[in-house]
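Notes follow once the structure below has been shown.
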Amino acid sequence: MALLSCNFYSESLGLSTSMNVILPQQTRSQIGLANVKRPGPHKTLYLLHGLSDDDTIWVRRTSIERYAAAYGIAIVMPQVHRSFYTDMAYGEKYWEFISEELPELARSFFPLSAEREDNFAAGLSMGGYGAFKLALRRPDLFAAGASLSGALDIASMTENPDNPRSGLLRTVFGEEKVRGSENDLLYLLDRVSKSSMPQPKLYQCCGTEDFLYKDNQTFKKAAEGSGLDFTYEEGPGEHEWGYWDKMIQNVLEWLPLGEPGK
């Protein structure tokens with residue numbers, strides 16, 4: 001696999017930003033890595049970071065490069081700061097960036113497939129929210145979304161005056177109600193399930209000791225009644241990288257990538 005750090009200018013954000021990208025590379029003599037490189041433009045996983053992280057974090061905290069090598073999939077890891085993957089009320093247009101500009105730019109830089117069935121999103125915590133937002137709001141572009149310990153009930157978070165993140169959430173979402181809006185995953189889930197839009201596959205996991213476990217149960221209940229292709233896993237685990245390193249392997253196994261190593 002090749003690991004690239006890419007610095008570029010974003011028209012949506014009006015500033016220079018960055019992403020880390022893992023690309024398949026077929027090798028014959030490399031030790032300890034089962035590299036697969038399939039013909040044609042690469043299937044792509046947009047792998048999203050959490051609130052306190054950046055575009056380097058998945059590479060620094062997990063073995064994502066080694067896991068992706070066995071499937072021959074490209075991994076795009078963008079930088080979005082503390083934006084909740086949203087066009088911020090008091091900030092930049094990170095939803096426009098992540099859902100429109102970034103895929104087009106990434107495909108202009110690298111040999112990535114533009115086909116819906118070849119594009120997926122996954123993320124942890126804030127990134128789990130972003131991944132489901134991409135899958136549910138742009139199911140025409142993303143065939144599947146996966147959330148690991150995701151912040152999935154943003155509406156309830158913004159409605160809680162005692163939430164320690166209330167100041168940040170106000171900066172992101174402003175004074176408008178999130179519930180029932182394009183930033184509410186439960187609203188998006190209901191809309192997609194009742195529409196003629198393509199139906200994305202969803203994967204959700206959360207540790208039973210995670211502080212976001214209750215919010216994940218709220219989304220799980222709604223998803224199980226939606227009729228979408230929905231997979232859920234839970235087990236012992238907190239909001240930490242040992243859990244996410246394990247579960248991202250399950251995500252890759254769940255995605256329609258073919259048998260690893262072939």
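Descriptive notes on the structure:
- For region 57-108 versus region 113-169, the inter-centroid distance based on Cα atoms is 12 Å.
- For the chain, average projected area of the Cα convex hull in nm²: 13.4 nm²
- As a calculated quantity, the FRET efficiency between Gln217 and Glu101 at R0 = 45 Å, using C-beta atoms, amounts to about 0.85.
- The phi torsions of region 43-59, fed into the Karplus equation with coefficients 6.51, -1.76 and 1.60 and a -60° offset, translate into couplings of 4, 9, 10, 7, 10, 9, 8, x, 4, 9, 10, 8, 6, 8, 5, 5, 6 Hz, rounded to whole numbers, with Gly and Pro shown as x.
- Extension gain, Asn250-Ser166: 0.36 nm per intervening residue step, less the Cα-Cα distance, totals 27.0 nm.
- Long-range tail of P(r) for region 41-112 (Cα pairs > 20 Å, %): 35 percent
- Rounded to the nearest 5, the antiparallel percentage of DSSP beta bridges internal to region 2-254 is 35%.
- Helical contribution to [θ] at 222 nm, DSSP H n ≥ 4, -39,500 (n - 2.57), averaged over the chain, rounded to 500: -8500 deg cm²/dmol
- Here each label is just a point 7 Å from Cα along the line to Cβ, and for His81 and Glu233 those points are 3.4 nm apart.
- What the phi angles of region 198-209 give under the Karplus curve with 6.51, -1.76 and 1.60, with θ = phi - 60°, is a coupling list of x, 9, x, 7, 10, 10, 9, 9, 7, x, 5, 9 Hz, glycine and proline written as x.
- Compactness of region 165-207, expressed as Rg and Dmax over alpha-carbon positions, Å: 13.6, 37
- Reach of Lys246 by Cα under 28 Å, taken over lysines that are not fewer than 8 positions away in the same chain: Lys37, Lys43, Lys133, Lys201, Lys214, Lys220, Lys221, Lys262
We did not get these values from a lab; they are worked out from the coordinates using the rules stated. No experiment lies behind these values; they were computed from the predicted model shown. Because the Cβ atoms are built from the backbone with ideal geometry, glycine has one as well, and the counts that use them run over all protein chains shown.
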